[in-house]
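The values are calculated or read from the model by the stated rules, or taken from the named source; none is laboratory data. Given the structure is predicted, the values throughout are model-derived calculations rather than measurements. We place every Cβ from the backbone using ideal geometry, glycine too, and count neighbours over all the protein chains shown.
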Amino acid sequence: MSSLAQLLFTDLDVMKDSGMWIFLSVGAVALFVVFIPLVTWIDSRRKEREAFYQAETFRRLTESSAEGAKAALEMLQEQERQKLVRSHEGLKIGGLVCIGVGVALIIFMRAENNHSYLVGLIPAFIGVANLVYVLFLAAPLEQPKK
C-alpha cells in the first residue's frame, strides 16, 4: 500500500511543477489559433467595407455630372496625398525613436563599463537613415490646390 501511495504522491509533485507550462501552452494556443486570426478577419472586413463605400461614393459622383467626376478625381488625389503624408510622418517618428534608443543604449552600456557600447550606433544610424530619406530623398509632397 505504501508503494502505491508513494507512486501517487510523486505524480502529484510532477503535476504541481507543470502548471505554468500548461498555462503557457493554453495561452499560446488561444493567442495564435483564436485571437490573431479573429483580429485579422475583423480588420480585413473593415477595409473591405471602407473600400466598398468609397467606390460607391465615387460611382455616384461620376454619374451625377462632369463636375462630379472632377470632384471625385480631386477627392481621390487628396486621399493619396494624405496617405503619403501619414507615411512620411510615420518614418519621421520611427527615425526619432531609433535615434533615441541608440543614444540611450550607448549611455547605458557605457555607464555599465561594457566595452561594446558602440552597438548603440546601429539603431541610431537606422534612425538617421529614416530621417535622411524622409527629409532629403523622398519625393516632395504636393500642396493641396485651393
Self-check item: All helices (runs of 4 or more DSSP H) inside region 1-120 with 2 or more residues being more than 30 Å from the chain's Cα centre (by Cα) and modelled with pLDDT under 85
Solution: 2-17, 36-64, 66-111
Quiz prompt | The listed residue being β-branched (V, I, T), exposed (fewer than 12 other Cβ atoms within 10 Å of the Cβ) and not assigned by TED's automatic domain parsing to the domain that holds Y53, out of V97, V85 | solution = V85
Self-check item: The listed residue being farther than 23 Å from L141 by Cβ and of a type outside the set (G, A, S), out of L84, L38
Solution: L38
Quiz item: Looking at this structure, is E112 among the acidic types (D, E) and within 30 Å of A71 (Cβ to Cβ)?
Solution: no
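If I go through region 121-145 residue by residue, how many of them are outside any loop (DSSP other than H, G, I, E, B) and closer than 30 Å to Q77 by Cβ?
Step one: list which residues in region 121-145 are outside any loop (DSSP other than H, G, I, E, B), which gives 121-137.
Those still in the list that are closer than 30 Å to Q77 by Cβ too: 129-137.
Matching residues across region 121-145 total 9.
Residue by residue, here is whether (1) of a type outside the set (D, E); (2) over 20 Å from P140 (Cβ atoms) holds:
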position: E67; (1), (2): no, yes
position: G90; (1), (2): yes, no
position: L105; (1), (2): yes, yes
position: S116; (1), (2): yes, yes
